[in-house]
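Student: Quick one: this structure, given as structure tokens, is what I'll be asking you about.
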Amino acid sequence: MRSEPLILGFDTSAAHCAAALLAGEVLLEARCEAMAKGQAERLMPMLEEMLARAGVGWRDLAALGVGTGPGNFTGVRISVAAARGLALALGIPAVGVSGLEAAAFGLPRPLVVAMDARRGEVYEQAFGPDGAARLVTAEVLAGELVTGQAVTGSAAPALAGAVPGLRLLDPAMPLAEAVARLAAARRATPQPRPAPLYLRAADAALPGEPAPVIVP
């Protein structure tokens, strides 16, 4: 039994299945497997493998961190539903962390995170005095950025081609590790149950019916 709190973070918001396990401040393992589909089948076995390699079990965990998007509609729901179920079964907190927050973690501020949302659009959030997550066209965001501004995220290189002089920053750490570290920092304070961060409506829903939602 480890004395340091064990925090398990995971994310399936894009074409990957990613997880990280922390013991206090020490990263025990971080993994990211690329996959266009199959996250629902792979997530739990991946987490169990990670715990087994560390010589711990589910009951040893102090908290969970889960990526809440924005991103793939189904992928976000997979990890959020898993985190909610595990938290309820284990009696531990589950902390939702947006992918935008995770991308900004460990980097100097002010900072703009820009993630490719396809269709010529970008998920964006400015981290500084204020800033909210939003979905905008790449053209609109490029018009708002200025020379010397610090930008990170998958859409940053393309924006640099449109806005000369941007400072492109690489992520400070893998996504799942950032999710786990943010969860570790927040677990001692009351947190709302994780919920998907949807900045774009679902691509598909049954005719005449609203897109499914996770009950708060």
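The values are calculated or read from the model by the stated rules, or taken from the named source; none is laboratory data. Keep in mind the model is a prediction, meaning the values are calculated, not measured. When we count neighbours, we look across all protein chains shown, and the Cβ atoms used for this are built from the backbone with ideal geometry, even at glycine. Heads up: the accessible areas ignore ligands, DNA and RNA and are worked out on the full protein's heavy atoms, side chains in. Shrake-Rupley method; radii C 1.70, N 1.55, O 1.52, S 1.80 Å.
Student: Quick check on my filter: what residues within region 122-151 are in contact (Cβ under 8 Å) with a residue 24 or more places away in the chain, farther than 18 Å from Leu107 by Cβ and not aliphatic (A, V, I, L, M)?
Tutor: Of everything in region 122-151, just one residue is in contact (Cβ under 8 Å) with a residue 24 or more places away in the chain, farther than 18 Å from Leu107 by Cβ and not aliphatic (A, V, I, L, M), namely Arg134.
Student: Can you list residue pairs whose Cβ atoms sit under 9 Å apart, with the first residue in region 29-58 being on the phi < 0 side of the Ramachandran plot and the second being outside any helix (DSSP H, G or I) and modelled with pLDDT under 95? Count only pairs 6 or more apart in sequence or on different chains.
Tutor: Gln39/Asn72; Ala54/Arg2; Val56/Met1; Val56/Arg2
To keep it simple, each residue is scored yes or no on (1) of a type in the set (Asp, Glu); (2) surrounded by fewer than 18 Cβ atoms within 10 Å (Cβ to Cβ); (3) assigned to a helix (DSSP H, G or I).
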{"position": "Ile7", "(1), (2), (3)": "no, no, no"}
{"position": "Ser13", "(1), (2), (3)": "no, no, no"}
{"position": "Ala18", "(1), (2), (3)": "no, no, no"}
{"position": "Lys37", "(1), (2), (3)": "no, yes, no"}
{"position": "Met44", "(1), (2), (3)": "no, yes, yes"}
{"position": "Met50", "(1), (2), (3)": "no, no, yes"}
{"position": "Arg53", "(1), (2), (3)": "no, yes, yes"}
{"position": "Arg59", "(1), (2), (3)": "no, yes, yes"}
{"position": "Gly65", "(1), (2), (3)": "no, no, no"}
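Student: Do we have Gly148 as modelled with pLDDT of 95 or more and touching a helix residue (DSSP H, G or I) at 6+ places or on another chain (Cβ under 7 Å) here? Talk me through it step by step, then tell me what you get.
Tutor: Working: modelled with pLDDT of 95 or more: yes; touching a helix residue (DSSP H, G or I) at 6+ places or on another chain (Cβ under 7 Å): no.
When the stated conditions are applied, Gly148 does not pass them.
Student: May I ask you to list the residues in region 53-83 that are of a type in the set (S, T, N, Q) and over 13 Å from the mean Cα position of the chain (by Cα)? Show your work before the answer.
Tutor: Pass one, region 53-83, residues of a type in the set (S, T, N, Q): 68, 72, 74, 79.
Listed by number, the list holds a single entry, Thr74.
Student: Please indicate, with yes or no, whether at least one residue in region 71-82 is in a loop (DSSP other than H, G, I, E, B) and closer than 30 Å to Leu168 by Cα.
Tutor: Scanning region 71-82 turns up at least one residue that is in a loop (DSSP other than H, G, I, E, B) and closer than 30 Å to Leu168 by Cα.
Student: Any idea how many residues of region 86-124 are open to solvent by 30 Å² or more (accessible area, probe 1.4 Å) and closer than 19 Å to Pro70 by Cβ?
Tutor: Residues flagged as open to solvent by 30 Å² or more (accessible area, probe 1.4 Å) and closer than 19 Å to Pro70 by Cβ within region 86-124 amount to 8.
Student: Something else: Would you check if there is a residue in region 26-33 being open to solvent by 70 Å² or more (accessible area, probe 1.4 Å) and not in a helix (DSSP H, G or I)?
Tutor: Scanning region 26-33 turns up at least one residue that is open to solvent by 70 Å² or more (accessible area, probe 1.4 Å) and not in a helix (DSSP H, G or I).
Student: While we're here: Restricting the first residue to region 152-180 and requiring it to be more than 27 Å from Ala94 (Cα to Cα) and without any contact (Cβ under 8 Å) to a residue 60 or more places away in the chain, which pairs with a second residue that is part of a helix (DSSP H, G or I) and open to solvent by 40 Å² or more (accessible area, probe 1.4 Å) meet a Cβ separation below 9 Å and a spacing of at least six or different chains?
Tutor: That search, which allows pairs on different chains as well, returns Ala162/Glu139; Ala162/Gly143; Val163/Gly143; Leu168/Pro157.
Student: For region 126-143, which residues satisfy the criterion of being open to solvent by 30 Å² or more (accessible area, probe 1.4 Å) and modelled with pLDDT of 95 or more? Even if it seems obvious, please write down each step before you answer.
Tutor: So in region 126-143, the residues open to solvent by 30 Å² or more (accessible area, probe 1.4 Å) come out as 126, 128-135, 137-140, 143.
Answer for region 126-143, where residues must be open to solvent by 30 Å² or more (accessible area, probe 1.4 Å) and modelled with pLDDT of 95 or more: Ala126, Ala133, Arg134, Leu135, Thr137, Ala138, Glu139, Val140, Gly143.
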